[in-house]
Amino acid sequence: MTEAVPLDLRRLAPVPRDPADARVIDVDEDVRCLRIPLPYLRVESVNCYLLEAKDGWILVDCGLEWAMLEHALRLADVEPRDIAALVATHSHTDHSGAADAVVRATGCRLLRGPGPRRVTDALRDPIAPLAERRRRALREGVPPDLVDLLVDARAANYGREVRRPADRVLADGDTIRTRSGSWTVLAVPGHSGDQIALHDRERGRLLAADVVYPIVPFLEWGHSSDPLADFRRSLARVEALRPSLVLPGHGPPDAAPAARFARARARLDEFEAELLARVAEEPMSAYEATCTLFGDDPDPDARQSMLSTTLAVLEHALRAGALTNERTGAGIRRFRAPRG
């Protein structure tokens, strides 16, 4: 196994961002993209979207800090009181951490998708008792001296925001009506258990949240039975719609999304194949496998996230019979190729 480089706790510190760095992009006459700065080292911004409705604006996602969003709304010439509804595509903090503040500041309704409201994977989500998270991490091979760092330290101290209950839970197939038409709600779990996308069938537009990753995706382990299978089904579902414009949760709008879908599928397939090949060579815990593939990154947030994704892939292979697992005398779970 590759020896992992030491983790650097300083990389979890909030990165100062200036609200003036917010940007407004006119996507269409009825859609605006607000690029909202984030206090994270690895992810500098998130896209929120304004959809024009008959009774005001529908805001899709809101970022982490009200001050950042408020500045972007001013740039877009939108008054906070004109926000009629906030649609949270999923509960991850970069997308909806400021939801409670937005509702209090605007008086809007909060709409969320179906599924568990978790801000991250089961090893880190503070809704679970710390003792339980520690126990699980030790079982997956996290060294005792790193357990608290891996399960309780968070980039920019995220995940401790108020989890405001939804005024309405959106079901798969529900419709959100705007001035120019309607968007259909699509449940697309995997990256997050409650993630939704919005599809404008008439104009071929897909507001995709984080369902189309051109990199190895974050898979939210521990809240569903098979987040890898969920993610693949979600990706296949939105790809089958053949949208002409993808509005992602991060990065610029994509008017040629076919290549984006192909890259997302290929990168996930490559990661799964490489991970299973390494475990076939040598039995490993989930943490050892994570360090073998990603241990050259000193960022704790990166290792935390990849541990979740690694666990999702390993457990998917375990269910399929492609791997077995066994416990060592210390209680650590190691994955290996089936004997014989």
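All of the numbers you see were taken from the coordinates with simple rules; none came from a lab. Because the structure is a prediction, the values reported are computed rather than measured. Note: ideal-geometry Cβ built from the backbone for every residue, glycine included; neighbour counts use all protein chains shown.
The table below lists the values:
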quantity	calculated
DSSP beta bridges in the chain [antiparallel fraction, %, rounded to 5]	70
Residues Thr93, Thr310 arranged by fewest to most Cβ contacts within 10 Å	Thr93, Thr310
Computed magnitude of the charge dipole of region 243-340 (debye, nearest 20; Cβ of K, R +1, Cβ of D, E -1)	380
Assigned charges on the beta-carbon of Lys, Arg, Asp, Glu; the chain dipole about Cα centre (debye)	780
Calculated [θ] (222 nm, deg cm²/dmol) that DSSP helices of n ≥ 4 give over the chain, each run adding -39,500 (n - 2.57)	-9500 deg cm²/dmol
For region 166-180, 3J(HN,Hα) per residue [Karplus equation, 6.51 cos²θ - 1.76 cosθ + 1.60, θ = phi - 60°, Hz, x = Gly/Pro]	6, 6, 8, 9, 7, 9, 4, x, 4, 10, 10, 8, 10, 4, 9
Debye log10 I(q)/I(0) for the chain, one point scatterer per Cα, at q = 0.07, 0.08 Å⁻¹	-0.29, -0.38
Nitroxide proxy distance, nm - points 7 Å out along Cα→Cβ at Ser180 and Ala128	4.3
Label-point separation, Glu79 to Ser244 (7 Å along Cα→Cβ), nm	3.6
The chain, relative contact order in percent, only Cα pairs under 8 angstrom and at least six apart counted	17
3J(HN,Hα) from dihedral phi, region 43-49, Karplus parametrisation 6.51/-1.76/1.60, rounded to Hz, x for glycine, proline	10, 7, 7, 10, 8, 10, 10
Charged-residue dipole, Cβ positions (Lys, Arg, Asp, Glu), region 236-295 about Cα centre, Debye nearest 20	460
Footprinting exposure proxy for Asp82, Asp200 (fewest neighbouring C-beta atoms within 10 Å first)	Asp82, Asp200
Positive-end extreme of charge dipole, the chain - chosen from Leu41, Leu138, Ala262 (charges on Cβ)	Leu138
Projected label distance in nm at Arg339 and Glu29, using a 7 Å step from Cα toward the beta-carbon	7.1
